[in-house]
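The next block holds one structure in the form of structure tokens; read it before the comments.
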Amino acid sequence: MKRSNEPIFWSLFGAGGMLAALIGPALVFITGIAVPHGWIFAPDTMSYANMHAFAQNWAGKIFLFAVVSLFLWHAAHRIAILVHDFGIHAVTVVKLFSYGFALVGTVVAGYALLGIGF
Amino acid sequence: MSNRRPYVRSMDGWWKRDAYFMRYMAREVTAIFVAAYAVILLAGLVRLNQGEAAFNGWLQYLKTPWMLVFHLIVLATFVYHTWSWFKIMPKTMPIMFVGGKRVQPGTITGTGLAAAVVACLAVLFIVGGMHS
């Protein structure tokens with residue numbers, strides 16, 4: 001019997017969904033709403049110096065990589081199914097595009113984080 | 001053969017037929033916003049790697065009213081994602097027993113939501129305490 005690749009993608013989907021469910025709302029509020037508009041947090045919270053230092057720290061690096069890539073894998077899995085739900089049944093092609101997008105995003109995130117250095 | 005045209009019921013708008021399907025669709029559609037948010041963060045990482053001027057450009061872009069409105073919508077969908085994620089968790093996780101008794105769906109959902117509230121508050125406090 002041919003082995004299914006579903007467990008791999010479902011694990012990534014589950015991990016991303018869990019991470020988004022646990023801390024997603026706080027992250028969106030901080031990076032997208034409060035800090036850019038100078039509300040609540042210190043104005044330099046997301047300054048270049050602070051963010052660069054955070055991305056150079058190994059824990060910060062892992063965190064940023066996990067958030068970006070797992071969110072992408074989570075979304076890719078659901079969007080592939082969503083496209084099917086709307087009547088496009090070329091499952092393999094759709095998954096190639098959606099998982100491909102997540103893979104490209106993961107590689108780009110890794111490349112940027114490695115480029116930032118340690 | 002070619003003259004035979006069997007009736008096939010249209011599946012268009014199938015998810016509008018039932019409140020259960022509507023909730024399913026609302027939950028799945030949050031993924032589009034999760035992807036959009038991830039792409040915004042990814043752009044920030046790429047800009048961070050390119051240097052200070054590039055990163056400041058990204059930060060300036062986040063300050064535009066459009067991005068504020070967009071992030072408010074994203075925030076609403078993330079909150080819905082959190083709620084729906086733990087709402088379906090009793091069905092997505094293996095059946096759990098504690099002391100020989102099956103853990104009730106409400107307990108699983110409630111524990112998950114409580115964990116999310118604690119995790120979100122922890123993130124807010126950690127970031128708030130970082131540079132003050």
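The values are calculated or read from the model by the stated rules, or taken from the named source; none is laboratory data. Source: prediction; values computed, not measured. Backbone-built Cβ (ideal geometry, glycine too); neighbour counts: all protein chains shown.
Is it the case that some residue within the range B:45-65 is among the β-branched types (Val, Ile, Thr), farther than 21 Å from A:Gly38 by Cβ, in contact (Cβ under 8 Å) with a residue 24 or more places away in the chain and assigned by TED's automatic domain parsing to the domain that holds B:Met22?
Taking the range B:45-65 first, the residues among the β-branched types (Val, Ile, Thr) are B:46, B:64.
If we keep only those that are farther than 21 Å from A:Gly38 by Cβ too, we end up with B:46.
Retained after the next criterion (residues that are in contact (Cβ under 8 Å) with a residue 24 or more places away in the chain): none.
No.
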Report whether or not B:Phe125 is more than 23 Å from A:Ala34 (Cβ to Cβ), surrounded by fewer than 17 Cβ atoms within 10 Å (Cβ to Cβ) and out of contact with any helix residue (DSSP H, G or I) (no Cβ under 8 Å at 6 or more places or on another chain). no
Going through A:Ser69, A:Ser11 one at a time, which residue ends up being surrounded by fewer than 17 Cβ atoms within 10 Å (Cβ to Cβ), part of a helix (DSSP H, G or I) and among the hydroxyl-bearing types (Ser, Thr, Tyr)? A:Ser11
Of the conditions (1) crowded, with 18+ Cβ neighbours inside 10 Å; (2) outside any helix (DSSP H, G or I), A:Met18 clears all except one; give me its number. (2)
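Mind listing just one residue for me: the one in the range B:81-116 that is in a loop (DSSP other than H, G, I, E, B) and more than 21 Å from the chain's Cα centre (by Cα) and, of those, farthest from the other protein chains (Cβ to nearest Cβ)? Talk me through it step by step, then tell me what you get.
Quick first cut of the range B:81-116, residues in a loop (DSSP other than H, G, I, E, B) only: B:88, B:93-96, B:99-100, B:103-104.
Next, from what is left, pick out any that are more than 21 Å from the chain's Cα centre (by Cα): B:94-96, B:99-100, B:103-104.
Details: B:Pro94: 12, B:Ile95: 17, B:Met96: 16, B:Gly99: 26, B:Gly100: 27, B:Val103: 18, B:Gln104: 20 Å.
Filtering the range B:81-116 for residues that are in a loop (DSSP other than H, G, I, E, B) and more than 21 Å from the chain's Cα centre (by Cα), the one farthest from the other protein chains (Cβ to nearest Cβ) comes out as B:Gly100.
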Which members of the range B:1-54 meet the condition of being at the interface with another protein chain (Cβ under 9 Å from one of its Cβ atoms), assigned to a helix (DSSP H, G or I) and not hydrophobic (A, V, I, L, M, F, W, C)? B:Tyr24, B:Arg27, B:Glu28, B:Thr30, B:Tyr37, B:Gly44, B:Arg47, B:Asn49, B:Gln50, B:Glu52
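Please state which one of A:His37, A:His89, A:His52 is more than 28 Å from B:Leu72 (Cα to Cα) and either modelled with pLDDT of 95 or more or not in a helix (DSSP H, G or I) (or both).
After applying the criteria, what remains is A:His89.
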Where B:Ala36 falls short, out of the listed (1) within 21 Å of A:Phe65 (Cβ to Cβ); (2) buried (at least 20 other Cβ atoms within 10 Å of the Cβ); (3) within 14 Å of the chain's Cα centre (by Cα); (4) of a type outside the set (S, T, N, Q): (2)
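Rundown of residues vs (1) farther than 26 Å from B:Ala76 by Cβ; (2) surrounded by fewer than 13 Cβ atoms within 10 Å (Cβ to Cβ), yes/no style:
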| site | (1), (2) |
| --- | --- |
| A:Ser4 | yes, yes |
| A:Ile33 | no, no |
| A:Trp39 | no, yes |
| A:Ala59 | yes, yes |
Out of all the residues in the range B:71-79, is one or more within 19 Å of the chain's Cα centre (by Cα), more than 8 Å from chain A (Cβ to nearest Cβ), surrounded by fewer than 20 Cβ atoms within 10 Å (Cβ to Cβ) and small (Gly, Ala, Ser)? yes
Do the conditions hold for B:Thr64, that is, is it more than 7 Å from chain A (Cβ to nearest Cβ) and polar (S, T, N, Q)? yes
